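See structure below.
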Amino acid sequence: MRYLPTTDRERQQMLATIGAGGIEDLLVRLPAKARLDRPLAIGPAVAETDLVRELRAMAGKNADADSHVCFLGAGSYDHYVPSPINHLVLRGEFFTAYTPYQPEASQGTLRSIYEYQTMIAELTGMDVANASIYDGASSLAEAVLMSRVATGRAEVVLPGSLHPLYRRAVASYCQGMDLRLRDAAAPDGVVDPDAVRGLVTEATAAVVVQSPNFYGCLEDVAALSEIAHAAGALSIVVAAPVNLGVLEAPGRQGADIAVGEGQGLGVPMSFGGPNLGVFAATQALVRRMPGRLVGATVDLDGQRGFVLTLQAREQHIRRAKATSNICTNVALNALMATIYLAILGKQGLRKVGELSTAKAHYAAERLAAIPGVSLRFGAPFFKEFAVRLPKSPDQVVRKLLREKMLAGVPLGTFDRNLRDCLLVAVTETRTREEIDRFAAALEKAVA
Amino acid sequence: MMVKRAAYDRLIFELSSPGRIAHSLPECDVPTSDPRELLPDKQLRSSPAELPEVSELDVVRHYTRLSQLNYGVDTHFYPLGSCTMKYNPKLNEDTARLAGFARLHPLVPEAAAQGALQLMHELGAMLGEIAGMDAVSLQPAAGAQGELAGVLMIRAYHASRGERRTKVLIPDSAHGTNPASTAIAGYEVVEVKSDADGGVDLLDLERHLADDVAAFMITVPNTLGNFEPRIMEITALCRSKGVQVYMDGANLNAILGITRPGDLGFDVCHFNLHKTFTTPHGGGGPGAGPVGVKAHLEPFLPVPVVTKKGERYTLDWKRRASIGKLQAFWGNFAMLVRAYTYIKTMGADGLRRVSEDAVLNANYVMKRLERDYDLGAPGPCMHECVLSARRQKKLGVNAMDVAKRLLDLGFYAPSTYFPMIVEEALMIEPTETESKETLDAFCDAMIQIAREAETESKIAADAPITTPVRRLDQTKAAREPDLRWRPRD
């Protein structure tokens, strides 16, 4: 049978060695009434050729970013994935290993994580980065929990411009904790600093800001960090590292913790997961950090080597008192990001940001020139923006789907006040010709 | 004695040469390309990110060389207990990379994601059938997040009934994630003792079962690799006290098609798709940790829930009692494609054979080693066995030394010092995908190490010597944390 090497003859030999008459003799501890007395109703084995045919058919029903022109963002982006990434992460030595518990036989994984930590710390302008959390939303949730413990305070201020799905994840993580979430309004697409100031008190553990925020707009991160620090609270900045070739590093805008979604760094969109939760912090907070950390050290011969370190923070040592429950993270996606950043390098990552923002601004100009269509917010944006449409965004999206275009994310799903708005993202992979075609199709759809 | 190779010792930063590039990006085809004309100055990066500047061959050779410093399932027997390091089928990698899956954005209109939603719906149903659970959420990103989701659902369930329960009972043999997840959910963790065989100490459990207990969380088979024979009495006892029972599904590989958590009386269980269902471990993830529940907990599932209405699949968000979300989107979908591919490849008979062979292999290893090592608990075991190196320790060779010596003999190591209730524990999980020859070679190596302990304990104490580095200074790493590379002045 496939993947099962043991032959009937070998099975008999092994049972004889064990001194068992059959497999049932090994299952004696399972009471009869506990046993399943029928085969599982999941169907018989399917041959590879048939299964591939079925899965191709299933995959073929989806409007992917190869068959369609993609202007979707809101937390997952169609960025360029250089070819070597896929070849390298498919090396079995990487993808069939596990958490490097035996460092002497895991130096490849450990070194790549150390490189990843270095690159993320450099990009975010923070002192240290961990080996990854699941995704941007869960990274933010971990940061919020960490701020609770680090400050001993029980309130966190969230901006109204935060990704609404991140907000829900934070709320889920916090529901068992003694922790109150306070929401600061963001009426014009960016959070109102006065609203934040009005919510910050001596009970505030942290102020969260996302930039670019859910609407693609750039926030005044430094000013919000100052508001947090003036009250003795931490500043948590949500920023996607793929944008940080061009945009200022959170660490230079007062962030104590920088988190974000790293999917743009060479990780496939895969219908939203697995993604890459980035987590970085100041040196002062390192012993409160969640997740794995890799450190450099030396071996018995004085040769450089790498190990998992500061493990006294973690669940397998500290159990109920651990800084987080995380065990398995997303190491292979962190490896994708490491290879991505090595390939893009100092110049390439900046160019990705420059191209994305240039094309997004071109697209915004083209769309805003369509009669009845306007930019919803006046604040500066980066690679994503909201447009107000004269027709139902859901309808427009459906129409453009027929033209093989993924037009954007209708915002009414998240906020009824924005039910006439479409959130459009443009990365470096879109061409001027695609943007022009998109504008023409949109014009027709709203006419 | 093998001779140590000169190991590769470079970091990508050390290969950098200013001006070298490995990427290929298009020229700007729109009028304004300078971000200084588009964005406010204060938003622009004030000093460039110091990333490496290398060629594509530099990158390919560097990461290929790094990979060669690793042991993985593809290269070595990897008997890491509790982690189910079985073969990861190549076919799974192909199906997960189909453009319709890998290049699919999570927020495409539902009508444009019917294939993906169908796969999720069918996988949820198959996992529900395998575990005897009424509903499954595929959203949790890993086992620990599945635990958090499960405990939060239990919390919401009690709250919906107006009950305030504050404690969760967890055996002292549990994985560390159990108490850690439970603590985040706001519960006080109370440890329940295990008996000498690693089973639940029923008296201790009964003593703790009170009105303020929300849940009992237990791993089946337990972390000593044994099935708890009184498990149905235990779940019934809990139920009689209004206590929800959570099964940590880390060891599900032992019981596929043989018994089901739902039939054993569990209210919740999570699945580790990266263990039982062959999605790769990736050097530490990503995994996936779907969570299954009985009908009374279904209203509390994370949103959205994939449902089928007529012939259409949809994401159902209108669930008032939901615990909310755990990650931004719907789950680690690419892992779900792999698990789906695997379950379909094996079918019902295949999955049962998986567990039977996993149990056979573990018992075979235990039998072959029982003379040379003490057993953590008497057999027969299920899919893994726990040995103790306490005998060897008296000769100067502890469990860690055994593990390190195995690396020299061409094997990855078992889990060590877990479960904590066994002294000098070596937890061995061979999995069903390993052949008798491999198991024999491993057992021969283990026996050799036991012999060496009697005659020349220094060999194990000095091991490993064939790996890219020798034993590393953990104390230095923790006392002087060096967590990022910096250029030498």
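When region A:1-55 is described by a simple charge dipole with +1 on each Lys and Arg Cβ and -1 on each Asp and Glu Cβ, the residue from A:Thr17, A:Val52, A:Leu30 located farthest towards its positive end is A:Leu30. Placing +1 on the Cβ of every Lys and Arg and -1 on the Cβ of every Asp and Glu, with nothing else charged, gives region A:84-339 a dipole about its Cα centre of roughly 720 debye. Amide H to amide H, with H built 1.01 Å from N, A:Val298 comes under 5 Å of A:Gly305, B:Asp473, counting only residues 5 or more places away or on other chains.
Greater than 23 Å separation of Cα atoms is the criterion. Which listed pairs, B:Lys393/B:Lys436; B:Lys393/B:Lys458; A:Lys351/A:Lys383, meet it? Result: B:Lys393/B:Lys436 exceed 23 Å. Subtracting the Cα-Cα distance of A:His229 and A:Val298 from their residue separation scaled by 0.36 nm leaves 21.0 nm. With θ taken as phi - 60° and the Karplus curve 6.51 cos²θ - 1.76 cosθ + 1.60 applied, the whole-hertz 3J(HN,Hα) list for region A:234-250 is 8, 9, 10, 10, 9, 9, 7, x, 5, 7, 8, x, 10, 7, 4, 6, x Hz, x standing for glycine and proline.
Take each residue in B:179-191, count the other chain C-beta atoms within 10 Å of its C-beta, and the mean is 6. Protection proxy ranking for A:256-267, A:241-252, A:167-178, using the average of other Cβ atoms within 10 Å per residue and placing the highest first: A:256-267, A:241-252, A:167-178. Note on the protein assembly as shown: dipole from Cβ charges, positive end direction compared against A:Gly302, B:Thr341, A:Thr431; the farthest Cα belongs to A:Thr431.
Here is what passes the span test in chain A: the DSSP H helices with alpha carbon length of 30 Å or more along the helix axis and a Kyte-Doolittle mean of -1.0 or above are A:331-368. Taking N as the residue count of the protein assembly as shown, its C-alpha radius of gyration divided by 2.2 N^0.38 Å amounts to 0.91. Inter-chain Cβ neighbour count for B:115-122, averaged per residue, equals 5 (cutoff 10 Å, partner chain atoms only). Excluding same-chain residues fewer than 8 positions from A:Lys404, which aspartates and glutamates have a Cα within less than 13 Å of its Cα? In chain and number order, the partners are A:Asp64, A:Asp66, A:Glu434. In terms of its alpha-carbon gyration tensor, region A:164-291 comes out rounded; the largest-to-smallest axis ratio a/c stays below the 1.5 threshold.
Counting Lys +1, Arg +1, Asp -1, Glu -1, what net charge surrounds B:Arg10 among other residues with beta carbon under 14 Å of its beta carbon?
+1
Report, in whole Å, the centroid distance computed from the Cα atoms of region A:159-178 and region B:70-133. If we compute the Cα centre of each part, the gap is 28 Å. Where a ≥ b ≥ c are the square roots of the eigenvalues of the C-alpha gyration tensor, would you call region B:91-345 rounded, which needs a/c under 1.5, or, failing that, prolate if a/b is larger than b/c, or oblate? Cα axes put region B:91-345 in the prolate bin.
Applied to region B:257-274, the Karplus parametrisation 6.51 cos²θ - 1.76 cosθ + 1.60 on θ = phi - 60° returns per-residue 3J(HN,Hα) values of x, 9, 8, 10, x, x, 6, 7, x, 7, 8, 9, 8, 10, 10, 9, 5, 7 Hz, with x for Gly and Pro. Of all complete DSSP H helices in chain B, those with a Cα span along the helix axis of 24 Å or greater and a mean Kyte-Doolittle hydropathy of 0.5 or more are B:114-131. Taking the average, over residues, of other Cβ atoms within 10 Å as the packing measure, peptides B:76-84, A:18-26 rank B:76-84, A:18-26 from highest down. Protection proxy ranking of B:232-239, B:313-320, B:405-412, by the mean of other Cβ atoms within 10 Å over each peptide's residues and highest first, is B:405-412, B:232-239, B:313-320.
What FRET efficiency comes out for A:Ser392 versus B:Arg320 if R0 is 22 angstrom and r is the Cβ-Cβ distance? Round to the nearest 0.05.
Values: r = 26 Å, r/R0 = 1.19.
E(calc), rounded to 0.05, equals 0.25.
Hey, with R₀ at 60 Å, roughly what FRET efficiency would B:Asp462 and B:Asp263 work out to, going by the Cβ-Cβ distance, to 0.05? Given R0 = 60 Å and the Cβ-Cβ separation, E is 0.75.
Listed cross-link partners A:Lys61/A:Lys346; A:Lys399/B:Lys90; B:Lys167/B:Lys476; B:Lys294/B:Lys367; B:Lys394/B:Lys476 are compared with a 31 Å cut-off, the Cα-Cα value being larger for A:Lys61/A:Lys346; A:Lys399/B:Lys90; B:Lys167/B:Lys476; B:Lys294/B:Lys367.
Footprinting exposure proxy ranking of B:Trp485, B:Trp330, fewest other C-beta atoms within 10 angstrom first, gives B:Trp485, B:Trp330. Report the calculated FRET efficiency for A:Thr431 and B:Asp473 (r = Cβ-Cβ distance, R0 = 56 Å), to the nearest 0.05. In this case the efficiency is close to 0.60. Using just its DSSP H runs of length 4 or more, each adding -39500 (n - 2.57), chain A gives a mean residue ellipticity at 222 nm of -11500 deg cm²/dmol after division by all residues. Peptide B:334-341 shows a mean partner chain C-beta count of 4 within 10 Å per residue C-beta.
Given points 7 Å out from each Cα along the Cα-Cβ axis, report the B:Asp349 to A:Thr17 separation in nanometres with one decimal. That separation, rounded to one decimal, is 2.7 nm. How would you classify chain B from its alpha-carbon gyration tensor, with a ≥ b ≥ c the square roots of the eigenvalues: rounded for a/c under 1.5, else prolate if a/b is greater than b/c, otherwise oblate? Because a/c hits 1.5 or more and a/b fails to exceed b/c, chain B counts as oblate.
Note on B:His62, B:His296, B:His383: ascending count of other Cβ atoms within 10 Å places them as B:His296, B:His62, B:His383, the fewest first.
Charged side chains reduced to their Cβ positions (Lys and Arg at +1, Asp and Glu at -1) give region B:91-345 a dipole of some 960 debye around its Cα centre. Under Stokes-Einstein, with the Kirkwood radius over Cα pairs standing in for Rh, what whole-number D in µm²/s applies to region B:349-467 at 25 °C and 0.890 mPa s? Answer, rounded: 172 µm²/s. Remark: A:Glu104, B:Glu53 ranked as B:Glu53, A:Glu104, counting other beta-carbon atoms within 10 Å and listing the fewest first. Along the charge dipole of the protein assembly as shown, pointing to its positive end and built from +1/-1 on Cβ of Lys, Arg, Asp and Glu, which listed residue (A:Ala240, B:Tyr71, A:Gln283) has its Cα farthest out? Most positive-ward Cα: A:Ala240. Taking the Cα centre of each part, how many Å lie between region A:304-335 and region A:384-447? Region A:304-335 and region A:384-447 have Cα centres separated by 42 Å. Centroid-to-centroid, using Cα positions, region B:373-421 and region A:82-152 are 29 Å apart. The dipole here belongs to region A:200-304: it is taken about the Cα centre, uses +1 on the Cβ of Lys and Arg and -1 on the Cβ of Asp and Glu, and is about 260 debye.
Every number here is computed from the coordinates shown, using simple stated rules; none is lab data. Predicted, not measured: the structure shown is a model, and the values here were computed from it. Neighbour counts are summed over all protein chains in view; Cβ atoms, including those assigned to glycine, are modelled from backbone coordinates with ideal geometry.
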